[in-house]
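The values are calculated or read from the model by the stated rules, or taken from the named source; none is laboratory data. Remember, predicted model here, so these are calculated numbers, not experimental data. Virtual Cβ from ideal backbone geometry, glycine too; neighbours counted across all protein chains shown.
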Protein chains: 2
Amino acid sequence: MSIALTARAGGLDRLHAATDLRGRFRLPAGVVYLDGNSLGALPAGVAEVVADVVHRQWGNRLIASWNEAGWWDAPTRVGDRIGRLVGAAPGQVVCTDSTSVNLYKAVVAAARMRPGRRVVLTDPDSFPTDLYVTDAAARDAGLVVEQVSPAAAAARIADIGDDLVLASYSSVDYRTGELWDLAAVTGAAHAVGGLVCWDLCHSAGVLDVGLDAHDADLAVGCGYKYLNGGPGAPAFLYVAARHQDDFDQPLAGWNGHATPFAMAPAYVPAPGITRGRVGTPPLLGMLALEAALAVYDGLEVTAVRERSLSLTGFFLQCLGELLPELAVATPRDAERRGSQVSVRHPDAYAVVQALIARGVVGDFREPDIVRLGFAPLYLSHGDVLRAAQHLQGVIGDRDFEREEFRTRATVT
Amino acid sequence: MSIALTARAGGLDRLHAATDLRGRFRLPAGVVYLDGNSLGALPAGVAEVVADVVHRQWGNRLIASWNEAGWWDAPTRVGDRIGRLVGAAPGQVVCTDSTSVNLYKAVVAAARMRPGRRVVLTDPDSFPTDLYVTDAAARDAGLVVEQVSPAAAAARIADIGDDLVLASYSSVDYRTGELWDLAAVTGAAHAVGGLVCWDLCHSAGVLDVGLDAHDADLAVGCGYKYLNGGPGAPAFLYVAARHQDDFDQPLAGWNGHATPFAMAPAYVPAPGITRGRVGTPPLLGMLALEAALAVYDGLEVTAVRERSLSLTGFFLQCLGELLPELAVATPRDAERRGSQVSVRHPDAYAVVQALIARGVVGDFREPDIVRLGFAPLYLSHGDVLRAAQHLQGVIGDRDFEREEFRTRATVT
């Protein structure tokens, strides 16, 4: 059976050879890295760019680099490069701050764009920072938060009617990897005059998100998962062009001012997406992210999605054959699957540690999830089979019962 | 006369030899860099640390670095290192976000700490982002902003009385370099039950700020000026230990949660200064800043201040002899002087450009300020004299009338 799977993996790798871009990454040998949805791998060329930023741009050219190295425009320039991957025409995405900070801006700005309305809808199973920030922004903006699953959101929105300010949803569930139909949520929100905000942390770079095509209003996402920008890479904020004049965000820092160097006493927001900026951008991280995005040069995100579905689909096949009893938390239907496969196990934490000891790096999510992310560009179907075989080994050999795998680290 | 100044410079450099730490920096040859109050120079060792973060910590160890390389605790660890330089005992400073974002947190949190009060006081001549963010936070928190010079603040605070929420002031004026008596403002604010927030952007690393000693409540500052953290280095936030339980800041991101990896549905702020965190920290910039702070190892900030005053004092002497007609905007009294000397000139922009062409790098600030920052650790009295001589040359030779120096760049 494993021989058949090996042959299958080889065949699929030949079929998808055009999107095998592992050569564009610097991964350690002997590792199957299934955690690119937590921290993307290091792309080739990034270290060289960062060294140039430090030695030449900063060390040698000092403040002259604000102009001559394009530091000042980096947030919108990098934003446009991200925009291409999430289906946003230029001028609608800015690279800035963290996802949490950008979501705060989006929720408060949405409240101001829909005065008199009160309800923000979000997913009870959102990544927690989305819940925390939505609650905090709602409190500050005088809104009420309702938690409704994305599957039930459209129906609930119809009930809420013209009291809806914003439906704020992640396109992919960070735990289960379920891909939601945010186009349907968006249609429902627009039908009652409300707005949507899409959280693309688990979609940007691997899914054909299509922000413009689906008439999304606002979106946020991070730079360090599938965009491979490095640890704590800056995040991004999308504001559809039609809303930018009305986008009145609370963090009125000088980088978002119309004339920042005039040092004018009153805040006048810059035209366009620049008003999403706040303070001086974190240039080391932002220029690393810019260099990392070169991985996507010459590549359409539809091709990445195709490879992703092939990898996750094949992994599900492997599990079906090697571990038929295992509970899979991710939908088997390709249309409902992000770029990850999560399985449930009562000893999920120890299973993840035991996998890591075998060179298969995934992560644990409370309460019982073994989460395996498939960053398509640097993974092969051969890697996928190896991961499934090690998972079979960990469970079959009961590795997860070993004490060494059960001690919790600070950050899991 | 210049011979006497040369001898004087040599004598002062011998006198202050113990704090000449230029060897700890990587500065380009032939430049007198007087813009360390805009972007600090590159310290030795930073490039090596950043390369290690990229190649080994990120590229090779991937997510394991969250634990084993101390990524998760970096914001408080680096915060404590900054704390030492601003007179804050450990556990009161966190390195996070930008100054603008941190000021927003501070103003909104202050409003919540003083419910029922309405007035925030700030300086009309503050760096603009302070004005913009204070206005924005006041609007969101239902406060009224009054702009009063720091010199008049104590008297005005006594009038405002128990309606005062917060007096939010920079310790050094970014344009003129005037050092304000924030201890007096703090005493006045406390006398009426109000709070203070000190902006340390132009003080941290060069002045004996003494946050704890002066009973400051809140403070913010940036990492890329005298702390030499690199372009867009993360900023910092100080919350005095006695206020931390009541510090309820609006940007309730998951990094500030008491149990971030429990993925709990409701926000519970972490104990201590950790609640000032928001999203995933910008690690490339933060670890560069941490490496940069090694410059201060074995050094007390009082010694840095002493060297700073000698440098700026000598520069004022040089100006007095070489350019006696020039209007100096910075107080001559050492007690009222930060670590910069600003002069006024009707063609200030062109004067700065002409100085840069001669290898003396300062910057221009609207409307007529030639701003020269003295980062004490990498400047000598010989550099100071050279700068004064070139300024004399630029003005005497009327370099500033040349067209090439009058064309404005994007970022000035």
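Odds and ends about this structure:
- Scanning region A:29-41 for residues that are part of a strand (DSSP E or B) and at the interface with chain B (Cβ under 7 Å from one of its Cβ atoms) returns a single hit, A:Y33.
- Restricting region A:120-142 to residues that are more than 24 Å from the chain's Cα centre (by Cα) and either surrounded by 22 or more Cβ atoms within 10 Å (Cβ to Cβ) or charged (D, E, K, R) (or both) leaves a set whose member that is nearest to the other protein chains (Cβ to nearest Cβ) is A:D140.
- Among the residues here, A:E290 does not qualify as in a helix (DSSP H, G or I), in the same structural domain as A:R24 (by TED's automatic domain parsing) and among the acidic types (D, E).
- Criterion violated by A:V46 - all others in (1) within 10 Å of another protein chain (Cβ to nearest Cβ); (2) touching a Ser or Thr at 6+ places or on another chain (Cβ under 6 Å); (3) of a type in the set (A, V, I, L, M, F, W, C); (4) surrounded by 24 or more Cβ atoms within 10 Å (Cβ to Cβ) satisfied: (2)
- Test for A:P367: is it surrounded by fewer than 18 Cβ atoms within 10 Å (Cβ to Cβ) and either touching a Lys or Arg at 6+ places or on another chain (Cβ under 9 Å) or within 14 Å of chain B (Cβ to nearest Cβ) (or both): yes
- B:P124 touching a helix residue (DSSP H, G or I) at 6+ places or on another chain (Cβ under 9 Å), free of Cβ contacts under 8 Å to residues at least 24 places away in the same chain and closer than 20 Å to A:V268 by Cβ: no
- The sole residue among A:R14, A:R26 that is under 22 Å from A:D297 (Cα atoms), within 12 Å of chain B (Cβ to nearest Cβ) and basic (K, R) is A:R26.
- Per-region count, region A:243-266, residues assigned to a helix (DSSP H, G or I) and at the interface with chain B (Cβ under 7 Å from one of its Cβ atoms): 3
- Scanning region B:267-287 for residues that are in a helix (DSSP H, G or I) and among the basic types (K, R) gives a single hit, B:R275.
- Odd one out for B:A51, checked against (1) small (G, A, S); (2) surrounded by fewer than 20 Cβ atoms within 10 Å (Cβ to Cβ); (3) within 8 Å of chain A (Cβ to nearest Cβ); (4) not in a helix (DSSP H, G or I): (4)
- When region B:82-119 is filtered for residues that are under 18 Å from the mean Cα position of the chain (by Cα) and farther than 23 Å from A:D97 by Cβ, the ones remaining, listed by number, are B:G83, B:R84, B:L85, B:V86, B:G87, B:A88, B:Q92.
- Lone qualifier among A:A155, A:A110 - being of a type in the set (G, A, S), farther than 23 Å from A:Q244 by Cβ and either more than 14 Å from chain B (Cβ to nearest Cβ) or buried (at least 24 other Cβ atoms within 10 Å of the Cβ) (or both): A:A155
- Checking each residue in region A:62-86 for being in contact (Cβ under 8 Å) with a residue 60 or more places away in the chain, of a type in the set (A, V, I, L, M, F, W, C) and more than 8 Å from chain B (Cβ to nearest Cβ) picks out A:A74, A:V78, A:I82, A:L85, A:V86.
- Options A:A329, A:A334; residue that is closer than 23 Å to A:L200 by Cβ and in contact with a helix residue (DSSP H, G or I) (Cβ under 8 Å, 6 or more places away or on another chain): A:A334
- Every listed requirement among (1) surrounded by fewer than 22 Cβ atoms within 10 Å (Cβ to Cβ); (2) assigned to a loop (DSSP other than H, G, I, E, B); (3) not aromatic (F, W, Y) is met by A:L309 save one, (2).
- If you go through region B:313-348 and keep only what is part of a loop (DSSP other than H, G, I, E, B) and free of Cβ contacts under 8 Å to residues at least 12 places away in the same chain, you end up with B:P324, B:E325, B:D333.
- B:N37, sole failed condition from (1) assigned by TED's automatic domain parsing to the domain that holds B:R358; (2) in contact with an Asp or Glu (Cβ under 9 Å, 6 or more places away or on another chain): (1)
- Residue within region A:326-334 that is β-branched (V, I, T), crowded, with 17+ Cβ neighbours inside 10 Å, in contact with a Ser or Thr (Cβ under 8 Å, 6 or more places away or on another chain) and within 25 Å of A:V50 (Cβ to Cβ) present: no
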